[in-house]
Each structure stands twice: as structure tokens, then as C-alpha cells.
Amino acid sequence: MIETLQEWAQNRAFTEWTGTGSLWWSILVTLYMTAGTMVLTVLLGLPLGVALFETESSPRPAVRAANRVVGFVVNVLRSFPFFILIIALIPLSQLLLGRSTGPNAAMLALVIASVPFAARLFELNLREIPAGKIEAVQMMGATRWQVIRQVLIPEALPGIIGSITTTTIAVIGYTAMAGSVNSGGLGQLAYNRGYTGYQTEIIVATVILLVLIVIAVQWIGSRLGRAVDHRARTA
Amino acid sequence: MDASLPDVITLDGLRKVFPAPGGGDPVVALDGIDLHLDAGRIHGIVGRSGAGKSTLIRCLTGLEKPTSGRVEIDGTDVAALDGAALRGARRNLGMVFQHANLLDSRTAAQNIAHPLEIAGVPRAQREARVAELVELVGLSGREHNHPAQLSGGQVQRVGIARGLAAEPKVLLCDEPTSALDGGTTRQILRLLADLRERLGITVVIITHEMAVVREVCDTVTLLQDGRVTQTGDLVDVAADPHGPLSGELIPLPPVPTGVVGTILTCDYGDSGTLRTSEDLVRAAERHGAQAQIVAGTIETIGGRQVGRVQLALRGADGRPAGPELLAALTAELTEAGVVAREVAA
């Protein structure tokens, strides 16, 4: 047992600090892809979620029609298996970024997959706000923008943080699949060295690390969510 | 109504028709409402659910456009406004809701300040006004709590303070006490009456609770099937035995079972000569009947005693009073201004 561990510790993935073969470097690449994807997902997904919520029962037929079209696109993107999506997007990343491999190319696919996912979750978070609270503020003479800024976002914030947490964890899972376009990161390391290269120690190490990262993300998300939640605790 | 007080709310032929969802007959929620509510008083608007109360509120606040008619608040026709003008007009109207509808993400003080924030009042002025309001509604010491940390009564106090924050002409209360227990209800109603005294604000209370109307309202309006079926000063409405509201404002307890006699309900609030229930008993005895009071409600509304009793009448033979006796007694009572009706056994 001890001998196996000592032998495992000699693996270059653990002793080297940089390069796609290094475990430590791969952790950074995975965290970079996840963080970058999530920043873009919140910046794009939150406005999209608010837009879906706000336009759903607009009195103007044109706005409602736009809502249906965008909703349809969101549904289509959400039903794409990520593995297929990332391959289908190779020409697009080639066009936009000049290359179809590496973490940035993978992030393009990650963002396109996670924005619709997060937007639907944000839309659900907004739906949970009682209509009376929104109307109360409208009756004070608030503009639509004031309602969004002062009611929708702050009242839904505990739920929105929960949705960001859930999306982040899903994105961590997707980054592993992004290894198939040579994105780098823990997923690619586990596949190339661990699975294809019969290095069990690398599979074990990446799985443990991914579990720890997910637990940490969930813990931070739950703490943040509770910190901003001033709703009554119902038994 | 006192003619010296100007109207602060005037509804003129207000109609609201909703198209039926399935393409059937349209739903007439408000069917031509004419109503004048004068300034500085507490007005009660009562009606069962489905009578049109909610639609009326939504038309008053401009959340719903009337199909036709005028909704004038402090001289401005809200129904004709849109966009920024409507948002400005809404500030003349403070709203208080059944469940307060406070934002959980804000403290009591931040909720109270919200209408001022929307109106663009500078922070220093906002804070001064909030401090004043916290004091006014009796919330000192709790202003930095979130709504979830407050009791139902305290939450509603925050709701009232928020409604008053932008110094509206009218405080419109939608079932303000329906979610509260009896003791808290009385405290909130006392607060509303007190605010009217101190600020001279017009209060409109929309409710299904007759007790609320009895306790604080100066006028009462009954809404039935989208129409006003009775409106006037509370004293007059309660004392009018012919109107639909007096029965609900002065409800009778049920007649005990096992009573022998013909039951006669008498409203004597309007009578100049028969002022008490004993007067009624004596009048019956003059006709040779034995009369027993089996149920009764006597209330003093606006300094005037309004009463309704049920008499069990028996003839000299101890059997339920016959039709001749009843006709003679009813005639005398009617003459004296009492409204008497036989209750079918």
C-alpha cells in the first residue's frame, strides 16, 4: 500500500509544476475556465433571465413574440448534449478566436451552454417573488428599471446565488468534457494520461480534486446565499 | 356628507370589463361606479369577494385602465395618464396591503424610505423623514430589523409608514387587518384613526370585515356585483333599516331554540318615540300581547343609539300571536318609525 503510494508520487503529473501534463497546472486551467465562464454567464445570463421574465406577459404582441423566439432558442441550446455542442462549435471558435483548442476556445462553448441554463434558473428565481411586492413598488411610481434594480434582483438574490452555485458546478463538469477539444484542465489530464495512459493514480487524484472543488463551491455558495437571505425561515 | 369638505376621490361612471378568456361573455367587474369621497375622513368600501373591490383598487392606482369613466384623485384623472405622468400621480396615493408586501431584502427603515428613494428625495431628507415616520407609527427601536424579524402588527405598521412616506393625499388600505388577530387589528385601526387626526389625511379602507367599518369609518360604501348599492355616512347607513348594510353592521345573534311565540324583528334607530327595547315591549303589551326579547343588538354609532331586537310575541292565551294582533302592532310600530318584520318560523 505505502509502496504503491510512493510509486504514484513519482508520477510526473505530480512533480511537474507547469504544462498540460501537470496536475497542478491542470487545476489552474480548470479553475480559469470555470471562473471565466461563470463571469460571462452572470453578465449575459442574468439580463437574459430578467428579459425572459419581464417580457413573458407584455401587453405588446411583438414583445411576447420575441419572448417566445428567445425562449425557443434557449430551450434548443439547453437540450444540446454538451459533448455535441462543443464539437459543433469548432468552426465558430476557429472563426472568432483563430483556434479551436485550448481553454479559451472551450470557454466559448461553455458560455454558450451555460448562459441559457443559468438564464432559465434566474427566470425561475424571479418568478418566486410574490407579484404583490412588485406591484407595491410600481404603485410608488417606480419605473421598470427601478423595479428591476430595487425589487427583482435584491428580492431574488438568495435564489440567484443558489442558481449561480448550481451552474458553476455544472460548468465544472462540462470543463471535463471540454478536454475532448484539448482544452487542458483536469478532465483532459484524467482522460489522456489517466484513462488512455493507464495511470490509475491520475484518475484517482483528479476525481478527488474535482470532488473537493465542487464541495468548496457549494459551501461558499450556501454561505453567501444565507448571508443575503432575510426571508422568514419556514419550518 | 359635509358639503364643506372637497372631494379627494371622484369616480364617475367607472366601468371595467374584462374579455372572457375562452371567448365567451365578457366579465363586467365594475359596472358604472359613481362615488365621491371627501377629504380628511375615513371611508370604508365593503363587499364580498368578487364584488369588484380588487379591480377598483387597481383602477385607482392606475395598474388597470378602466374601460370607461373617470378616476379622479385630487383633481387628476388617473385613467387618462400614462408613463411618467401616471408614475407621478401614483405618489398622491399611499398604499397599504393585506400582507404589507414589504421587501424582505430591506430593513424596516429601508422599506419606509423606498417611496422617497423612487421620488428622488436626497438621502439626508429621506433619513429625517423615516425617523419621523418610525416615531409616528410606534416602531422606535425596530427600524433596523428586517420584516421577517417583526410581528404581524409591526410589519403592518411598517407598511403604513411606507404608505405615508411620500406624503400622499390619500392612504388606500386594501384589507389592512384581514391577516391580523383581534387585538392587533384594533391597534392598527386605532393607528389609522390617529393618523387621520394628526395628519388630516384621507383614508380609504377596503375590507370585507364589518367590524373594521364599525370601529373606524366615517362613511361606508357597499359594492355588490360591480355596483355601489349603498353609500353614506356610517351613522345614516347603520340606522337605515331598509338598506342592505344595516343588517350586517348591526348583526343579530341567532334566536334561541325552543322559544314559543311569533318572532318580530324591530329596528328602532329611526324612531323618535320608541327609543329603547323596553318601549317596544310596552307597546306590545298595550295590544294585549306578552312580549319577550329573545335577541338584540344595541350599538352606539357616532353618538347615536341604533338598536335591533327580536321579540317573541304571544297572545293572552299563551299561544303564538295571531295575524290580527301582529298587524295592529306592526301598524303602530311603523307609525312610530320602527321597522318591524315578522320572521318566518
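The table below gives the values:
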| read-out | value |
| --- | --- |
| Criterion (assigned to a loop (DSSP other than H, G, I, E, B), within 25 Å of the chain's Cα centre (by Cα) and free of Cβ contacts under 8 Å to residues at least 40 places away in the same chain) met by exactly one of B:269, B:183 | B:269 |
| Unmet requirement for residue A:30, which otherwise passes all of (1) without any contact (Cβ under 8 Å) to a residue 24 or more places away in the chain; (2) in contact with a helix residue (DSSP H, G or I) (Cβ under 8 Å, 6 or more places away or on another chain); (3) of a type in the set (Ser, Thr, Tyr) | (1) |
| Test for residue B:193: is it part of a helix (DSSP H, G or I), among the small types (Gly, Ala, Ser) and modelled with pLDDT under 90 | no |
| Criterion: in the same structural domain as residue B:276 (by TED's automatic domain parsing), within 29 Å of the chain's Cα centre (by Cα) and modelled with pLDDT under 85 - qualifying residue of B:318, B:337 | B:337 |
| Test result for residue A:156, surrounded by 18 or more Cβ atoms within 10 Å (Cβ to Cβ), touching a residue at least 24 places away in the same chain (Cβ under 8 Å) and away from chain B (no Cβ under 14 Å) | no |
| Those residues of the stretch B:204-245 which are small (Gly, Ala, Ser) and either over 14 Å from the mean Cα position of the chain (by Cα) or assigned to a strand (DSSP E or B) (or both), in sequence order | B:226, B:232, B:239, B:243 |
| Candidate set from the stretch B:114-137 (those that are within 11 Å of chain A (Cβ to nearest Cβ) and within 30 Å of the chain's Cα centre (by Cα)); member that is surrounded by the most Cβ atoms within 10 Å (Cβ to Cβ) | B:115 |
| Filter pass, residue A:63 being among the β-branched types (Val, Ile, Thr) and under 16 Å from the mean Cα position of the chain (by Cα) | no |
| Only listed residue being basic (Lys, Arg), in contact (Cβ under 8 Å) with a residue 12 or more places away in the chain and farther than 26 Å from residue A:196 by Cβ, chosen from A:60, A:64, A:78, A:68 | A:78 |
| Per-region count, the stretch B:99-113, residues within 8 Å of chain A (Cβ to nearest Cβ) and either touching a Lys or Arg at 6+ places or on another chain (Cβ under 6 Å) or of a type in the set (A, V, I, L, M) (or both) | 4 |
| Extreme residue, modelled with the highest pLDDT, among residues of the stretch B:266-303 that are of a type in the set (S, T, N, Q) and under 20 Å from residue B:234 (Cα atoms) | B:297 |
| Residue under evaluation residue B:73, criteria (1) within 14 Å of chain A (Cβ to nearest Cβ); (2) surrounded by fewer than 19 Cβ atoms within 10 Å (Cβ to Cβ); (3) more than 18 Å from residue B:158 (Cβ to Cβ), criterion not met | (2) |
| Residue B:299 being over 30 Å from residue B:11 (Cα atoms) and under 19 Å from the mean Cα position of the chain (by Cα) | yes |
| Selected residue [part of a helix (DSSP H, G or I) and modelled with pLDDT under 95] from A:150, A:218, A:188 | A:188 |
| Unique match (being in contact with a Gly (Cβ under 8 Å, 6 or more places away or on another chain), at positive phi, of a type in the set (Gly, Ala, Ser) and within 14 Å of chain B (Cβ to nearest Cβ)) among A:225, A:141 | A:141 |
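The rows are residues; the columns are (1) farther than 22 Å from residue B:299 by Cβ; (2) free of Cβ contacts under 8 Å to residues at least 24 places away in the same chain; (3) touching a Lys or Arg at 6+ places or on another chain (Cβ under 9 Å); (4) within 12 Å of chain A (Cβ to nearest Cβ).
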| residue | (1), (2), (3), (4) |
| --- | --- |
| B:165 | yes, no, yes, yes |
| B:172 | yes, no, no, yes |
| B:192 | no, no, no, no |
| B:209 | no, no, no, no |
| B:212 | no, no, no, no |
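Condition check ((1) acidic (Asp, Glu); (2) in contact (Cβ under 8 Å) with a residue 60 or more places away in the chain) across all residues:
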| position | (1), (2) |
| --- | --- |
| B:76 | no, no |
| B:85 | no, no |
| B:89 | no, no |
| B:94 | no, yes |
| B:97 | no, yes |
| B:104 | yes, no |
| B:107 | no, no |
| B:114 | no, no |
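The values are calculated or read from the model by the stated rules, or taken from the named source; none is laboratory data. On a predicted model such as this, the values are computed, not experimentally measured, just so you know. Neighbour counts are summed over all protein chains in view; Cβ atoms, including those assigned to glycine, are modelled from backbone coordinates with ideal geometry.
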